[in-house]
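What follows is one structure encoded as structure tokens, with my remarks underneath.
The values are calculated or read from the model by the stated rules, or taken from the named source; none is laboratory data. The structure presented is a predicted model; accordingly, all values stated were derived computationally and were not measured. Counting neighbours? That spans all protein chains shown, and the Cβs are built from the backbone with ideal geometry, glycine included. With ligands, DNA and RNA removed, areas are computed over all heavy atoms of the protein, side chains included. Shrake-Rupley method; radii C 1.70, N 1.55, O 1.52, S 1.80 Å.
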Amino acid sequence: MRILALSLIRLGLVTLIFHNVSFGQYDVYDAFDPENPLPESDLIILNNAKAFHHSLTPESALLLSQLSFLSHEEHYALEQTLQGDLHNLDRYPRLNLLLNELWTGRREINIHGSFIHRINRTDGIQHKWIGDFQFDQFRIGILGERDPGELDILDHYSMFLNTKFQDYDYTIGNFQMLVGHGLVSWRSMPVKSDFGTTNSILRRGRGIQPFRSSHESWAYRGLGWEQPMGHGQLSAGISHRKIDGSIDKDHVNISNVGLHVSENQIKNHDNIIETIGLADWETIIPNGIAGFVVGGGAWRQDHTDRYFTNLTSSVYGNYTISNLTLFSELAFTSQNKNAIIMGGKMKHDSFYYGIVFREIDNNYFALRDNPFRNWNNKELGETGVLQELRFRYDKINVNVYSDIFRRLEKLKGEFKRDGHETGIGLDQKFNSKLWIQTKLKIQEASSENYGYNDYNISSVPISTIKTTIKWKHDTNNSFQCQLQEKHTQNNSPSSLGIQLRSKHYLGLWTVKWYWVTTKIEGLSWLYYWDVNLPGEMKSKVFTRHGHYLGNILSYQTSPSTEIHFRISTAWRAWNFDEIPVVRCALQINVSI
Amino acid sequence: MASFQSTSHVIHTILCFSMVLFCSNKVYGAFDSESLSSFQNAAGAFPFSIYPNSLGVLSDPTILLINRSPFGAGSINRKFGLRSLMESLFVVGGNFRNLGLGLGLSRFGNSSYQETQISILGAKSYKELVQLGISLNMYQLSISNYGQAEAIGSKVSVRYAMGTHVETMMSFLNVNRPVIGQSNEKLPQIISAGILIRPNKKIIGQASFVQDTEFPISVRFGMIYKLLDQIDIAVGKVQQPNIFTTGACINWKEFRIEFSYLSYANLGFITYQTGISYTHIP
């Protein structure tokens with residue numbers, strides 16, 4: 001209680017001041033926590049929306065509705081736009097901000113494709129190519145990647161062809177299937193506890209979508225289609241491909257690494273042959289929607305006799321009465337593993353309350369399940385309750401969330417197996433350009449590492465306070481300062497960080513500067529968004545005292561083409577007495 | 001004296017074949033030598049074509065679309081200044097019904113070791129913004145007393161006009177992962193990317209990257225200046241390997257004659273290259 005009181009006092013002292021201008025590549029992303037990665041597909045979707053469209057139309061609304069971070073209301077608004085029932089998004093400030101960022105400045109009309117080539121120097125050279133092309137009713141997407149040290153030019157590639165024929169929508173190649181609330185098949189990135197999470201969890205999947213991320217093993221590869229069926233809509237897919245991973249007794253571990261440099265990595269490249277079939281039928285019921293999912297898969301691992309099959313099914317639905325919306329998904333597998341996620345939200349004017357309960361069995365594995373959960377570790381299961389409250393007091397918007405969670409299985413030597421996460425945010429809008437925001441986050445969780453000592457270290461609550469000041473000098477010059485303090489609540493010293501950013505428009509040139517200085521104590525590492533090229537959203541973790549300088553230089557060669565160059569220098573010593581680590585990248589954005 | 005020269009020459013040749021030429025931990029393999037025109041080499045070993053109707057077509061077939069007449073070009077030089085490492089390049093091509101077509105031949109080596117490459121080249125444009133070039137390469141490797149081996153490779157090149165002053169290019173060599181010989185030696189897979197800048201009618205600048213997947217990336221810069229209507233001069237720098245380059249090009253009626261001078265700073269070798277191209281003007 002004393003700790004919470006102290007934190008609240010600190011909270012009162014911290015202010016976050018910023019204008020409603022864009023500093024990052026997309027201002028909406030600045031609000032997300034850099035500790036939680038975002039799907040790469042979101043950035044590709046935004047890049048395509050910017051390249052192909054010029055305003056909010058049914059076509060652009062359809063594309064934007066695939067963004068992962070949208071709330072249930074925002075998603076519904078885009079669906080209404082898609083059906084031609086809504087033409088004004090003034091009630092949705094975040095969408096409005098995003099649309100303004102996307103479609104301002106010089107625009108080239110009649111664009112049929114966009115292409116990005118990025119050369120990124122880290123420990124070696126990474127090449128990435130991303131393309132999206134529209135030819136009449138056909139949409140074609142390509143993605144290629146060669147990581148540092150990999151011997152094949154196209155160590156990873158992904159393609160899709162999407163088309164409509166009458167009431168049927170086909171996707172051939174790499175696709176993903178988002179059904180229910182993620183207990184059977186979802187994106188490669190799960191939803192994590194944060195401000196606004198209850199609203200994101202409530203949003204159900206939209207069925208078949210082209211796969212645009214560079215995750216090398218997550219996509220389905222084959223045929224996916226959607227069609228009207230009975231009184232509902234059928235989404236179905238069949239996939240046969242090779243993935244990286246391993247087969248355990250009752251589940252498959254899909255590799256998230258995608259690097260093939262060492263002898264072992266090369267040997268295990270595409271080491272599992274996977275065949276999957278999945279179908280989702282969804283229908284409209286009075287005041288809601290109900291759906292049923294059924295699927296199955298078979299996996300065989302090379303060089304071993306390991307073989308695994310799994311059948312899965314789930315039922316899901318949502319129901320709305322007045323201001324109250326309830327939802328749930330319940331899933332079963334043939335491995336006798338079950339999972340449930342359920343909750344609701346209530347909204348009245350500026351008052352909002354959301355609650356989500358989940359219980360996921362240990363070693364629960366469906367096909368591409370990735371539901372909301374706090375721990376990445378799936379072996380021990382998880383149950384928990386997330387609550388979120390938003391209301392307006394005078395001119396101040398208050399946002400509070402709290403997630404309490406517990407492992408279903410206990411490790412040997414473990415005294416405690418639960419955790420909690422709490423966040424408090426205040427913001428006040430003074431006028432059309434200036435508002436103040438305050439954020440505090442307290443986290444306590446058992447370690448993901450199983451060691452006894454690791455557990456003890458990480459079970460101490462960690463508090464993080466961030467202060468950001470944004471200042472727009474004029475239309476061409478903007479500045480930002482962010483202070484961050486993080487400490488473990490056991491009287492240990494605090495880690496401190498300061499980030500300075502500026503952005504300058506000089507005609508066809510754009511220059512961005514970026515500086516970070518950190519003083520790190522113990523394991524209280526600090527996370528900041530890195531200096532990112534358009535289409536990147538990397539965060540950087542600072543683990544030692546040091547300094548970091550970054551710079552981006554962009555040149556717009558024509559209304560539809562840009563060249564971007566990024567260079568960063570990191571000194572991992574307070575007194576600069578160390579050879580700095582230099583990184584750089586070159587990116588070419590073109591449209592045809 | 002003659003004996004000493006011969007011994008020195010053999011040592012240099014052995015160095016080139018068996019030692020680490022430019023990199024401390026890798027050894028070049030078959031077909032790792034780039035086939036560039038004299039003027040591409042002069043302008044910093046730019047891996048893409050600078051002018052149409054030239055040997056640059058061999059490394060970048062997209063330029064075939066800019067050719068307006070049938071042409072032929074050839075070049076002979078000694079790699080690294082070594083007499084026994086002869087490289088000869090020839091190409092013929094033209095633009096037929098908005099489809100660029102060409103045929104190329106390159107040979108490299110000596111009487112004991114010979115690399116031969118025959119290339120069928122094609123190019124097509126889209127919306128006058130994008131030029132796509134494809135090259136089908138037939139590789140043949142001959143080593144005396146060991147026999148010969150063949151493989152089929154490919155090259156895909158894309159050139160994009162990013163406005164009136166900037167062009168960008170990229171290419172992928174051997175995406176089909178060819179191997180050669182009984183030992184299944186992997187042929188080079190190379191990613192190239194480049195930017196060509198024309199700030200005015202007299203100056204062309206280039207920055208390029210060449211990434212053989214088994215070697216560190218090679219960064220290259222170069223500049224061309226139009227001295228007179230008929231004469232261009234060029235200077236460039238290659239990092240990895242460390243090369244200083246310079247040269248000139250003379251246009252005379254249907255002919256273009258190119259010279260280049262490459263100084264390998266770390267090895268002390270100097271290469272001169274001369275090329276000629278002829279364009280049939282009806």
For region A:527-544, which residues satisfy the criterion of being open to solvent by less than 30 Å² (accessible area, probe 1.4 Å) and either in a strand (DSSP E or B) or among the polar types (S, T, N, Q) (or both)? A:TYR528, A:TRP529, A:ASN532, A:PHE542
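Scan region B:186-204 residue by residue and report those that are open to solvent by less than 30 Å² (accessible area, probe 1.4 Å) and within 13 Å of chain A (Cβ to nearest Cβ).
B:LEU187, B:PRO188, B:GLN189, B:ILE190, B:ILE191, B:SER192, B:ALA193, B:GLY194, B:ILE195, B:LEU196
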Might you let me know whether region B:136-146 holds any residue that is over 20 Å from B:LEU65 (Cβ atoms), open to solvent by 30 Å² or more (accessible area, probe 1.4 Å) and touching a residue at least 40 places away in the same chain (Cβ under 8 Å)? no
Consider region A:551-570. How many of its residues are part of a strand (DSSP E or B), in contact with an Asp or Glu (Cβ under 8 Å, 6 or more places away or on another chain) and among the hydroxyl-bearing types (Ser, Thr, Tyr)? 4
Return the residues of region B:140-185 that are outside any strand (DSSP E or B) and within 11 Å of chain A (Cβ to nearest Cβ); say none if nothing qualifies. B:MET162, B:GLY163, B:THR164, B:HIS165, B:ASN174, B:VAL175, B:ASN176, B:ARG177
Among the residues of region A:502-521, which ones are in a loop (DSSP other than H, G, I, E, B) and either buried (at least 17 other Cβ atoms within 10 Å of the Cβ) or touching a strand residue (DSSP E or B) at 6+ places or on another chain (Cβ under 8 Å) (or both)? A:LEU508, A:ILE520, A:GLU521
Using the structure shown, decide if A:SER524 is part of a strand (DSSP E or B) and either within 23 Å of the chain's Cα centre (by Cα) or surrounded by 15 or more Cβ atoms within 10 Å (Cβ to Cβ) (or both). no
Any chance A:TYR548 is part of a strand (DSSP E or B) and within 14 Å of chain B (Cβ to nearest Cβ): no
Return a yes/no flag: does region A:94-107 have any residue that is within 14 Å of chain B (Cβ to nearest Cβ), at pLDDT below 85 and in a loop (DSSP other than H, G, I, E, B). yes
From the residues in region A:270-307 that are touching a residue at least 40 places away in the same chain (Cβ under 8 Å) and outside any strand (DSSP E or B), which one is surrounded by the fewest Cβ atoms within 10 Å (Cβ to Cβ)? A:THR304
For region A:154-189, which positions are of a type in the set (A, V, I, L, M), in contact with a strand residue (DSSP E or B) (Cβ under 7 Å, 6 or more places away or on another chain) and surrounded by fewer than 23 Cβ atoms within 10 Å (Cβ to Cβ)? A:LEU154, A:MET159, A:LEU161, A:ILE172
Could you tell me which residue of region B:101-133 is surrounded by the fewest Cβ atoms within 10 Å (Cβ to Cβ), considering only residues that are within 14 Å of chain A (Cβ to nearest Cβ) and polar (S, T, N, Q)? B:SER125
What number goes with the only condition from (1) within 13 Å of chain B (Cβ to nearest Cβ); (2) open to solvent by less than 50 Å² (accessible area, probe 1.4 Å); (3) over 28 Å from the mean Cα position of the chain (by Cα) that A:ALA573 does not pass? (1)
Quick one: in region B:214-265, which of the residues that are small (Gly, Ala, Ser) and in contact with a strand residue (DSSP E or B) (Cβ under 6 Å, 6 or more places away or on another chain) is farthest from the other protein chains (Cβ to nearest Cβ)? B:ALA248
Exactly one condition in (1) modelled with pLDDT under 90; (2) open to solvent by less than 30 Å² (accessible area, probe 1.4 Å) is false for A:SER492; which is it? (2)
Are any residues in region A:379-394 closer than 22 Å to A:THR198 by Cβ and either part of a loop (DSSP other than H, G, I, E, B) or among the charged types (D, E, K, R) (or both), and if so, which ones? A:GLY381, A:GLU382, A:GLU388, A:ARG390, A:ARG392
Which listed residue, of B:GLU150, B:GLU167, is open to solvent by 70 Å² or more (accessible area, probe 1.4 Å) and either of a type outside the set (Lys, Arg) or free of Cβ contacts under 8 Å to residues at least 12 places away in the same chain (or both): B:GLU150
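Does region A:138-152 hold any residues that are closer than 27 Å to A:PHE52 by Cα and within 14 Å of chain B (Cβ to nearest Cβ), and which are they?
A:ILE140, A:ILE142, A:GLY144, A:GLU145, A:ARG146, listed by residue number.
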State whether the residues of region A:201-209 include one that is assigned to a strand (DSSP E or B) and without any contact (Cβ under 8 Å) to a residue 60 or more places away in the chain. yes
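Can you give me the ranges of the strands (runs of 3 or more DSSP E) entirely in region B:208-282 with at least 1 residues that are at pLDDT below 90 and of a type in the set (Gly, Ala, Ser)? First the steps, then the outcome.
Values: elements: B:218-226, B:231-239, B:243-252, B:255-264, B:269-279.
Passing ranges, in order: B:269-279.
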Do we find a residue being over 25 Å from B:GLY194 (Cβ atoms), more than 14 Å from chain B (Cβ to nearest Cβ) and free of Cβ contacts under 8 Å to residues at least 40 places away in the same chain anywhere in region A:130-137? yes
Search region A:460-483 for residues being part of a loop (DSSP other than H, G, I, E, B) and open to solvent by less than 60 Å² (accessible area, probe 1.4 Å), and hand back the single one that is farthest from A:VAL531 (Cα to Cα). A:VAL460
Look at region A:353-372 and say how many of its residues are open to solvent by less than 10 Å² (accessible area, probe 1.4 Å) and either more than 25 Å from A:ASN256 (Cα to Cα) or not in a strand (DSSP E or B) (or both). 8
Mind checking which residues of region A:193-239 are more than 29 Å from A:GLY144 (Cβ to Cβ) and within 14 Å of the chain's Cα centre (by Cα)? A:SER193, A:ASP194, A:PHE195, A:GLY196, A:THR197, A:SER200, A:ILE201
Only one of these conditions is not met by B:LYS226: (1) touching a residue at least 60 places away in the same chain (Cβ under 8 Å); (2) surrounded by 14 or more Cβ atoms within 10 Å (Cβ to Cβ); (3) of a type outside the set (Phe, Trp, Tyr). Which number is it? (1)
